[in-house]
1. From the list B:Val150, B:Val124, which one is closer than 29 Å to B:Gly68 by Cβ and without any contact (Cβ under 8 Å) to a residue 24 or more places away in the chain?
2. State yes or no: is A:Asp132 surrounded by fewer than 22 Cβ atoms within 10 Å (Cβ to Cβ) and within 14 Å of another protein chain (Cβ to nearest Cβ)?
3. Residues being in a loop (DSSP other than H, G, I, E, B) and either outside the structural domain of A:Val68 (by TED's automatic domain parsing) or buried (at least 24 other Cβ atoms within 10 Å of the Cβ) (or both): count how many of those fall in region A:157-190.
4. Considering each of B:Asn18, B:Asn14 in turn, give the residue that is within 12 Å of another protein chain (Cβ to nearest Cβ), in a loop (DSSP other than H, G, I, E, B) and in contact with a Phe, Trp or Tyr (Cβ under 9 Å, 6 or more places away or on another chain).
5. Look through A:Lys48, A:Lys108 and report the one residue that is surrounded by 15 or more Cβ atoms within 10 Å (Cβ to Cβ), basic (Lys, Arg) and within 14 Å of another protein chain (Cβ to nearest Cβ).
6. Name the one entry in A:Leu87, A:Leu58, A:Leu30 that is facing chain B (nearest Cβ under 10 Å) and either touching a residue at least 12 places away in the same chain (Cβ under 8 Å) or over 24 Å from the mean Cα position of the chain (by Cα) (or both).
7. Please find, among A:Thr265, A:Thr291, the residue that is at pLDDT below 90, out of contact with any Ser or Thr (no Cβ under 8 Å at 6 or more places or on another chain) and either over 18 Å from A:Leu234 (Cβ atoms) or among the acidic types (Asp, Glu) (or both).
Amino acid sequence: MRLKVSRNIIETFNLTKLFGPVRALNGVNLEVPKNSIFGFLGPNGSGKTTTIKLLLGLQKPTNGTAEVFGKDMVQDSLEIRTSIGYLAQDPAYHDHMTARQILNFRAKFYYSGSKDAIQNRVAESIELVDLDDKADRPIKGFSEGEKQRLGIAQAQINHPDLLILDEPASSLDPMGRRDVLNIMRDLKKHSTIFYSTHILDDVQRVSTHVAILKLGYMVTQAPIGDLLKCGNELLYYITVKGDPSKAYALINSQDWVTGVTIENTEGKPTLIVNVNDSQIAEDELLKLVVTESDNTVTKFGKKEHELEEIFMNMVEVQQ
Amino acid sequence: MSQPTSRDNIGPLNGLDNILSLEISKWVGENRWLIQSGIWLILVNGLMSLGLVLAPLQGADTPSARDGVVMFAELLFSIGPVGVIVLTQGDLINETQDGSMEWMLTAPLSRAAVLVGKFVVNSVFLLSIAVLLQGTVGFVLINRFAEGTVQLVPFLVSLAVHGLHLLFWISLTLMLGAFVKKRAVLLGASIGFLLFQGLIGTTLARIHPIFQEILPGVLQRTVLEIATGETLSGYLPVLATGAWIILFLGLAIWSFNRVEF
């Protein structure tokens, strides 16, 4: 079954969830565009998993609503789940089954008809996550990494339009994380990927969009490119060898420059230049320093913030 | 390579066929059905055989066929509910606690299908093992060792009432599993009701005498009346037990639909 989707694959409207007196989620409005890899960030206890469980129909909202594929997440939960794949933070399966049996069991919720065709789909999924040699062993003895691979295999067995991953790489070593990110990139060809994480490096590497949640409140959501830009500021950096004072004076005298500061980057002076015209800056700035100062330029570029920096600022400001 | 066909119909029991396969695999996969058949044979027919065979050896009269039917009914009415409660108490709670239920419910699986699947498969296996198998062996043993014979058709009908009695306990345990999160609470409530249902019936009968006829323990009288060809004192216990089963299943589905994971 394929559900028709407009621009946003997930939309929440004032989504709120109370657990007794605890407000786990406070009026969250989320928009996840189709074909995005959407990183859902937040410190522990910020409401990421609660949001995911609400979207999957595992919990019911106290207030507000959400639409997935344009359908109501409470009323149409069964229909929505036909087109979703999900990997839990600590996935749990029936331990007595083998990986192939788990995938076969999962596949039968989505597919009917020829057993061979279902088996083929299971085999493709096993191959995708490189579990061929362990497919027929009971999963009792699987390592965390192998369980996570199995988790991804079962999550994508129905070629979902939306893949929801809750902390997909949190328990993995660096190689496991790399593999998971590669698989996510592969799956993006067919699915929108909505995933929660607190590993900001991964988010910056693969995500197209980001939302940050703090204590149940939405702090921000935006395309990652917009978020990494320095607000409305146009900033460039030039790292030089030697005394930067001449270069500093030269740059500061230009009428398209609105400010210059000097920072120390790995023992070398870096001039951070604030400009009012990015085109002129890109044409003139490097040329100016290279030709008219005594310095050798080792690095030059447009300055963007690191996601970690933005995340920490936003989360701390909210406190 | 051929592609599998997507399921297009979404219904209130979506995923039931898959749940039935899973539940059957739990009984068949590790020979649980075989082990349970052996245990029930020892507990029900083994004990009954002792009663039938030992009595003459100790100088007493050979038990009559009626005595055999009474023994069989008493054993199945006392061991049956305990066995059912023990075997099914963890069905919902274990899967909820270990996270596998949450995983299954993220697929297009309706919660009603989970309960119906568990009820149907557990009922088929438990009734086959505890009623059909024990009844068949019991019928042979009574006719072999007791004085006189038991008529086949009345005995078969009485087995159906035995089955209804066990269905009561299967549905009660399933319902409690949908309401509580701890097995100890479930065991306490169900075993407590088993032990005190006589007292509960007597107490409630002070409000209205009907209460003494609608609790499942009364079915033992019905079983004996049917198996021995006596006049049936009424259908109320049978109808009431059927109503309880439907009520428990309805409550189980209602409650399980509200469980949050």
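1. Working: B:Val150 fails: without any contact (Cβ under 8 Å) to a residue 24 or more places away in the chain.
Matching residue, one of B:Val150, B:Val124: B:Val124.
2. Working: surrounded by fewer than 22 Cβ atoms within 10 Å (Cβ to Cβ): yes; within 14 Å of another protein chain (Cβ to nearest Cβ): no.
Criteria not met by A:Asp132.
3. Of region A:157-190, the ones in a loop (DSSP other than H, G, I, E, B) are A:157-161, A:167-173, A:188-190.
Filter again for either outside the structural domain of A:Val68 (by TED's automatic domain parsing) or buried (at least 24 other Cβ atoms within 10 Å of the Cβ) (or both), leaving A:157-158, A:168.
The number of residues fulfilling the criteria is 3.
4. On inspection, the qualifying residue turns out to be B:Asn14.
5. A:Lys108
6. Details: A:Leu58 fails: either touching a residue at least 12 places away in the same chain (Cβ under 8 Å) or over 24 Å from the mean Cα position of the chain (by Cα) (or both); A:Leu30 fails: facing chain B (nearest Cβ under 10 Å).
Just a single option satisfies the conditions, and that option is A:Leu87.
7. Numbers: A:Thr265 fails: out of contact with any Ser or Thr (no Cβ under 8 Å at 6 or more places or on another chain).
So the residue among A:Thr265, A:Thr291 that is at pLDDT below 90, out of contact with any Ser or Thr (no Cβ under 8 Å at 6 or more places or on another chain) and either over 18 Å from A:Leu234 (Cβ atoms) or among the acidic types (Asp, Glu) (or both) is A:Thr291.
Each row is one residue, and each column tells you yes or no for (1) among the polar types (S, T, N, Q); (2) touching a residue at least 12 places away in the same chain (Cβ under 8 Å); (3) crowded, with 16+ Cβ neighbours inside 10 Å.
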| site | (1), (2), (3) |
| --- | --- |
| B:Ala178 | no, yes, yes |
| B:Gly188 | no, no, no |
| B:Phe211 | no, no, yes |
| B:Pro216 | no, yes, yes |
| B:Val223 | no, yes, yes |
| B:Leu232 | no, no, no |
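The values are calculated or read from the model by the stated rules, or taken from the named source; none is laboratory data. What you are looking at is a predicted structure, and each value in this text was computed from that prediction instead of being measured. Note that we place each Cβ from the backbone using ideal geometry, even for glycine, and neighbour counts take in every protein chain shown.
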